[in-house]
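Reading through the structure tokens given below for one structure.
Just so you know, all these numbers are worked out from the coordinates, no wet-lab data involved. Because the structure is predicted, anything quoted here is derived from the model rather than measured. Here the Cβ positions follow ideal geometry from the backbone for every residue, glycine too, while neighbour counts run over all protein chains shown.
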Amino acid sequence: MMGWIRGINNNNQEERPYLQEPHVRHRITDADMFALTALPPGVDKAEWLASNSKYLNHINLLSSALSEFCTTSTCPTASWSGVYFWTDEHGRRLKCSAPLYFDYALSYIQELLTDEDVFPTKAGAAFPTGFLLLVQKVFLLLFRTLAHIYWSHYNEALALGLHPHLNTMFAHLTLFCHQHALLESEDTEPLQPLITALRQLSTGSNTQLHKGKNTQSDIHIRS
């Protein structure tokens with residue numbers, strides 16, 4: 001369903017605003033991310049992976065808040081450090097704009113999440129063979145959505161005060177994927193400095209909490 005080519009942009013990571021102080025420290029919670037993402041005792045792993053599909057709703061909400069900045073004009077290709085290609089049902093690789101790519105991606109995820117054969121909701125129903133591979137695809141697409149925001153729209157997120165929400169979602173998502181082996185290192189490599197910085201803050205130390213009220217940036221995200 002997707003592919004990409006590495007090496008389109010060679011920007012120095014140290015110059016990226018999302019790595020600058022104090023932006024990287026801003027989050028909306030001081031909760032222990034390690035505890036939030038670990039498999040709870042006695043819980044089936046497939047059930048735990050399925051229950052964390054809530055990421056879609058949070059990321060979709062954040063993407064919508066930035067949609068006016070991500071257009072076919074501003075983002076003629078879906079990219080971050082490389083270009084993403086979408087593979088359609090006929091096996092054709094499509095180079096498309098960022099808004100179209102991520103519309104395909106989020107629609108694909110939503111279709112999977114509502115498919116009872118893939119994400120069963122009835123008690124006793126079994127998860128399908130290959131469930132883990134599908135979950136890995138879902139989380140890769142979610143990661144790419146946030147990666148594009150960091151790479152192409154971070155300044156807009158910063159101006160709107162959305163960076164604490166973005167950091168929180170990204171830290172939670174990447175730590176969850178790390179704990180449950182959902183992403184390959186090559187998928188995350190260009191944003192590894194950010195992942196490392198956020199992970200070091202995951203226990204809540206040296207973190208600045210965003211507590212604004214009644215502002216544009218008040219997107220409520222609950223685990």
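Answer rounded, prolate or oblate for region 133-207, using the Cα gyration tensor with square roots of eigenvalues a ≥ b ≥ c: rounded when a/c is under 1.5, else prolate when a/b is larger than b/c, else oblate.
Oblate is the answer for region 133-207, as a/c is 1.5 or above yet b/c matches or exceeds a/b.
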- Go ahead and run the numbers for FRET between Thr77 and Ala123, Cβ-Cβ distance against an R0 of 35 Å, rounding to 0.05. 0.20
- Message: Could you list Tyr55, Tyr108 so that the one with the fewest beta carbons within 10 Å of its beta carbon is first and the one with the most is last?
- Response: Tyr108, Tyr55
- What is the distance, in nm, between label points placed 7 Å from the Cα along the Cα-to-Cβ direction at Ser67 and at Leu19? 3.3
- Message: Report the gain in length on full extension from Arg93 to His178: 0.36 nm times residue separation, minus Cα-Cα distance, nm rounded to one decimal.
- Response: 27.8 nm
- Task: Subtracting the Cα-Cα distance from 0.36 nm times the residue separation, let me have the gained length for Leu39 to Ala197 in nm, one decimal.
- Result: 54.6 nm
- Message: Considering all alpha-carbon pairs of region 41-109, what whole percent are spaced by more than 21 angstrom?
- Response: 40
- How far is it, in nm, from the label point at Asn60 to the one at Asp103 when both lie 7 Å from their Cα along the line to the Cβ? 1.5
- Along region 163-177, what does the Karplus equation 6.51 cos²θ - 1.76 cosθ + 1.60 (θ = phi - 60°) give for ³J(HN,Hα), rounded to whole Hz, x for Gly and Pro? 4, x, 5, 4, 4, 5, 5, 5, 4, 5, 4, 5, 5, 4, 5
- Rg to Rh for region 50-196: what is it, with Cα atoms only and Rh by Kirkwood? 0.96
- Task: Specify whether the C-alpha gyration tensor of region 17-133 places it in the rounded, prolate or oblate class, a ≥ b ≥ c being the square roots of the eigenvalues: rounded for a/c under 1.5, otherwise prolate if a/b is larger than b/c and oblate if not.
- Result: oblate
- Query: For region 82-155, what does the equivalent ellipsoid look like in terms of its semi-axes, each the square root of 5 times an eigenvalue of the Cα gyration tensor, given largest first in whole Å?
  - Reply: 27, 15, 10
